Amino acid sequence: MNRRKLTLIGVALAALVATAGVAAAAPSDNAHESSPASEADQRGPPGELPDPVPDFVSDIHDLVSDFLSGALDGSLGDTLSDRVNDFSGA
């Protein structure tokens, strides 16, 4: 009885894997709709790039690098808080 259940489960899993493989290998509905002009439009970087980050972001990266290399004296959190307070004018 136990052997039958295992065989049935094995056959069901094999059928599931076979149908999933066929579905994954099938081309999508819009695979043939692309034209060379639309493919050329999609190549390369996006037309609009994000704005550069403010200067304080580079300062924060420098502080973290100094902390990781051991060049920063004191606590990273306290130093970052002081730097953010200096930038915000608080």
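The values are calculated or read from the model by the stated rules, or taken from the named source; none is laboratory data. Every value quoted in this text rests on a predicted model; they were computed, and no experiment measured them. Just the protein is used for accessible areas: all its heavy atoms, side chains included, with ligands, DNA and RNA removed. Shrake-Rupley method; radii C 1.70, N 1.55, O 1.52, S 1.80 Å.
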Query raised in the report: Can you pull out the residues in the stretch 63-76 that are among the polar types (S, T, N, Q) and assigned to a helix (DSSP H, G or I)?
Result: SER65, SER69
Requested in this report: Kindly indicate whether any position in the stretch 43-62 is in a helix (DSSP H, G or I), open to solvent by 70 Å² or more (accessible area, probe 1.4 Å), modelled with pLDDT of 75 or more and aromatic (Phe, Trp, Tyr).
Outcome: no
